[in-house]
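*Asks:* Sharing a structure, written as structure tokens. Questions coming.
Here, each number is a calculation from the coordinates, and none is a lab measurement. Remember, predicted model here, so these are calculated numbers, not experimental data. We place every Cβ from the backbone using ideal geometry, glycine too, and count neighbours over all the protein chains shown.
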Amino acid sequence: MNTGRIVRLAERDRAEVHFLLDGERRSALADDTVLTAVLASGHALRSSEFGPEPRAGFCLMGACQDCWVWQEEG
């Protein structure tokens, strides 16, 4: 598992929710974006095309292709 790219400093009053990421159960908080949930759970989004370094996304708002997610249903 890669090191998480987002660290939560203080969270209150949001329920914990669970999701599967590459077959592993992960935790997030209710109303997290998919990107926040993935990065806070300890995953990098992908490896750099220029080397083995993990990537955490480029724009972090869904405008580029760095954080596209494929759903199981397609």
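*Asks:* Rounded to the nearest 500, what is the 222 nm mean residue ellipticity of the chain from helices alone, with -39500 (n - 2.57) per DSSP H run of 4+ residues and division by all residues?
*Replies:* -2500 deg cm²/dmol
*Asks:* Another question about this same structure. So if a site counts as exposed when it's one of the trypsin sites (Lys or Arg not before Pro), its DSSP state isn't H, G, I, E or B, and it has at most 14 other Cβ atoms within 10 Å, what's the longest stretch of the chain without one?
*Replies:* Longest gap between qualifying sites, sites excluded: 15-74.
*Asks:* Hand me the GluC sites (Glu not before Pro) from the chain located in a DSSP loop with no more than 11 other Cβ atoms within 10 Å, in residue order please.
*Replies:* E11, E49, E72, E73
*Asks:* What number in nm² do you get for the chain if you take the convex hull of its Cα atoms and divide its surface by four?
*Replies:* 5.8 nm²
*Asks:* Using the basic label-point model (7 angstrom from Cα toward the beta carbon), what is the I6 to W70 distance in nanometres?
*Replies:* Reported label-point gap for I6 and W70 is 2.3 nm.
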